[in-house]
1. In a shell of Cβ-Cβ distance under 11 Å around A:Val356, excluding A:Val356 itself, what net charge do Lys and Arg (+1) and Asp and Glu (-1) give?
2. What percent do you get for the relative contact order of the stretch B:95-217 when only Cα pairs under 8 Å and 6+ apart count?
3. What's the average, rounded to a whole number, of partner chain beta-carbon atoms within 10 Å of each residue's beta-carbon in A:106-119?
4. Find the percent of Cα-Cα distances in the stretch A:181-234 that exceed 19 Å, and round it to a whole number.
5. Could you tell me the center-to-center distance, by alpha carbons, between the stretch A:175-237 and the stretch A:97-150 in angstrom?
6. Taking 1 over the mean of 1/r across every pair of different Cα atoms in the stretch A:252-333, what Kirkwood radius in Å do you get?
7. Enumerate the whole-percent occupancy of each 10 Å bin, from 0 to the last occupied one, for all C-alpha pair distances of the stretch B:48-156.
8. Can you list residues from other chains, or at least 5 along the same chain, whose modelled amide H is less than 5 Å from the amide H of A:Ala231?
Amino acid sequence: MRPKLELLDRPLIERILDEAFRLIMRPGVRVAPQVHGLLADAGVGVEEGVARIPEGLARQALASAPREFFLYAREGRAVVRYGGDDVHYDPGSSCLNILDSETTQPRPAQASDLARLVQVAEMLPQFAAQATATVCNDVPEDIGDWYRLLVVLWYSAKPVVTGAFSGPGLKTMLDLLAEESGSREALRYKPRAVFDVCPSPPLNWSEFASANLTELAHAGIPAEIVSMPMAGATAPVTLAGAVVQHAAECISGIVIHQLAGPGAPVVWGGAPSIFDMRTGTTPLGSIESTMLNLACSQIGKFLGLPTHGYLVNTDGRSVDAQAGMESGLSAALGALAGINMISGAGMLDSVACHSVEKLVIDAEAIASAERLVQGIEPRGESLATAMFVKTGLRGDFLKLQETRLLFRSEQHFPSAVIERGGPATGSNAFARARQHAAELQAGYARPRLAGAREEAILTFARGRARQAGLDALPGIDRAAVERV
Amino acid sequence: MGIERPTLAAMRQSIVDGAPEAAAALAREGLRIGIAAIDAIQQGYVPGMHAVGEEFAQRRLFLPDMMAAAEAMRAAMEVLEPALLRMGAERPVAGVVLLGTVQGDIHEIGKTLVGTLLTAHGFRVHDLGVDVPVERFVAKVSELNPDIVGLSALLTTTMKQQRTVIEALAREGLRTKLRVLVGGAPATRRWAEEIGADGWGKDAVSAVTLAQSLMDSRPRVPFPKT
């Protein structure tokens, strides 16, 4: 039996959805001018920028959204299934800072830092997908979104969870992915990336977010709606009320998306949180924020949609016990909830800072969570009595054939990051993680693309970078760039 | 004339309670019985705000309590300000602040919270709203000659606009005439230092404290009158 955690009972789910459907009708949803026509053509009244979406239309959109879809590794293998109770993890995204491994202080992230994060994540099987994890502060801002994707595609063959910072940025990112896949059609057939699209709470689809939804729907590339209600600030203070708002934002986004591209893949995702009433911050490591992620995801699952959440992060600024406690707890709870894609690993300080060392430690928490959801299974006709027949009261189970046969299935073996008996090393988890990250990076080999496509990507990137006044490609092997 | 102590105490308490209707009613009652508006403010309501701030610092009150107190303060001031003007007086202004969320960012809550609390503490706040272009900040600084410019950003992708605004103010020769404070979830003290801001408020309450300390410490360079 696979263990499962649900926070909402059926009557409460129905109440939440009932109120969400009412909210998108009244007060309605603020939408950008470029989707007014799309909505009006479907019979939605739009007055002064506010759309009133009838429940019937919303239910049609929910019905036309796919129940599942896949993200593909570079070689064309389906490695991430968005659907059912499948659970995958990826690092957190778009951090401005990186925790310096030597000084243990945050500093602005460079392209080389992102490259290192990607290389380490590539070596960790706990991460089914990569993320455009940091902003590269050494490249011009206006190419910041696609440049992160370039670095990830250069060093990774895994699927990518990403997102654009602007309309032109999205187009460039889709072009870049198409260069890697061979064509836009090949990319649509086997999507390599999912794009986060964020409504602004409460109930506002900005010009940029609306454009992203429609562009992705037209391109047939998966869109991941990341609704971010802050309970008590930009959303009702009650957790149930914030879940209602999250549902209304997701439903209204799916309406726009499905009207633009019926059947295009879309994810019921989010980064909901409470609003800390002392500090005015968004404590994503809090138990209530985790509960919101679980409850919001449960609504998406009830509707039969692929799901996403933002967990495995901490509000602490150090890779310490608080980070381990908050991240480990939410990694396990997210897995029990069956959230399809769980973003956030590696992040500190309420998503303000990334850390390679935390990413490595979080991978251990994720491995434990994955073991947890495998549950406890009977293996063979006898659970224990057959083994007792062999060993009696001597208790020498270590000698039994069953022990040797089954222990690998029963027990998860963490890496050396986790201290568990053995000789005392005198090191702490951070030091062990730093050591392990160095070992992973030493064993990393860049997954090369076929020569022509690699050249095509670099040529594309160099051209766009030069337009932005950037002669070099920071973070990318200089020798490879010079060959082009 | 002697001031009715119980009424001043009630004024203070109305702020602590976050009760705008009571605060306004007490203001009207105070004026009726002859309490000068300036005394009501400085001996009744302002001590109430200070008490709330102190309780917040001691972690016994929370942001919703602060917001309610600020709302009560606003309600009292609505009654008292016309009386002050009739007397040819004004509430002493703690400073002039220009606030806004930077371009590309439409997050409002933190910025509004700061504005509300600054207003309650006697600052004159001009709130430009959200998604404010750099040029608008520059134009408004030229127009208003504020003591402080507050730049809010919630996203890592938009916080760089805080630097852009500071650079634009410098280019226009306005930077040395004012102080720039930055805030928002991704901002840090280090970030503030890096981009040449004068301070960083980790939350709305510390932003008020910071603004007050800047006003206390700063010899203000007047704008040339041209």
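Every read-out reported here was derived from the displayed coordinates using simple, explicitly stated rules and does not represent laboratory data. Nothing here was measured: the structure is a model prediction, and the numbers come from that model. In this analysis, Cβ positions are derived from the backbone assuming ideal geometry, glycine residues included, and neighbour counts consider all displayed protein chains.
1. Combined, the nearby Lys, Arg, Asp and Glu give -1.
2. 27
3. For this peptide, the per-residue mean of nearby foreign Cβ atoms is 1.
4. For the stretch A:181-234, the share of Cα pairs beyond 19 Å comes to 37 percent.
5. Spelled out, the Cα-based centre of one part sits 21 Å from the other.
6. Final number for the Kirkwood radius of the stretch A:252-333 is 14.1 Å.
7. All Cα pairs considered, the percentages come to 14, 37, 34, 14, 1.
8. Hits under the 5 Å cutoff: A:Ser273, A:Ile274, A:Phe275.
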